[in-house]
1. Work out from phi, with θ = phi - 60° and the Karplus expression 6.51 cos²θ - 1.76 cosθ + 1.60, the ³J(HN,Hα) of each residue of the range 103-113, listed in order in whole Hz, and give x for Gly and Pro.
2. Multiply the residue gap between residue 41 and residue 3 by 0.36 nm, knock off their C-alpha separation, and tell me the result in nm, one decimal place.
3. Determine the sum of side-chain charges near residue 65: Lys and Arg each +1, Asp and Glu each -1, restricted to other residues whose C-beta is under 14 angstrom from that of residue 65.
4. Can you bin the range 147-189 into rounded, prolate or oblate? Criterion: square roots of the alpha carbon gyration tensor eigenvalues sorted a ≥ b ≥ c, rounded for a/c under 1.5, prolate for a/b above b/c, oblate for the rest.
5. Rounded, prolate or oblate: which fits the range 87-177 when a ≥ b ≥ c are the square roots of the eigenvalues of the alpha-carbon gyration tensor, with rounded for a/c under 1.5 and prolate only if a/b beats b/c?
6. Between helix 41-53 and the chain, what is the angle of the helix's C-alpha long axis to the longest principal axis, kept within 0 to 90° and rounded to the nearest 10?
7. Rounded to whole Å and sorted largest first, list the principal axis extents of the Cα atoms in the chain.
8. At most 16 other C-beta atoms within 10 Å and a DSSP loop state: those are the exposed chymotrypsin sites (Phe, Trp or Tyr not before Pro) I care about. Give me the longest piece of the chain that has none.
Amino acid sequence: MLLWQLFLSFLKIGAFSFGGGYAVLPLIEEEIVHNQQWLTSLEYSDLLTISQMTPGPISINGASFVGTKLAGIPGSIVATLGCITPSIIIVSFLAWLYFKYKDRGLIQGVLSGLRPAVVGLIGSAGLSIIIMALWGGAIPILMGNIDYVALAIMATSFLLLRLKLIKPIGAIALCGVAGIAIYLISAYT
């Protein structure tokens, strides 16, 4: 029963994850944390971290993570298959449609309409990650209870990336080292 639920949940996520990458994060959070309650908000933030650090698409890495946590290797396989099945079907059909009707205005109109929606999904996911990092998942009413260390790490990383002083993998490594250093300082003081 759990394997079937995993398959169906990730089938739903895979079917509605237009834009891929960060655009799928609100869908995963809604289904896995809120609807199914398979993960807590803290575990979801761990899922995001692991999914971004490992090679491959976030949704597939997330499916593997959740599936493994809930049902071991069979759960990982079933969740991943659920996640990719809609893409295989939809992309095959859309490729056929696109090459047949690519010069029609309707197709271009649909693509133009989806672009802003994807930006909105990515923005929503980014805001959720910021709230999780700076306020521990609680929706901030005011700027109180902010984690200033996390804010400093985030701002430094953002600045180094925007100024192209560091590559994304370097930012991940640097932030990981900073996290270890902060843990060790707080553990031994």
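1. These are the phi-based 3J(HN,Hα) values: 8, 7, x, 4, 5, 5, x, 4, 5, 5, x Hz.
2. Taking 0.36 nm per residue and subtracting the Cα distance, the gain is 11.5 nm.
3. Overall, the nearby charge balance is -3.
4. oblate
5. prolate
6. With rounding to tens, the tilt is 70 degrees.
7. Answer, in whole Å and largest first: 65, 44, 33 Å.
8. It runs 19-187.
Read the figures in this text as sums done on the coordinates, not as results from a lab. This one's a predicted model, so the numbers in the text were calculated from it and none came from an experiment. Using ideal geometry, Cβ is built from the backbone for each residue, glycine included, and neighbour counts are taken over all protein chains shown.
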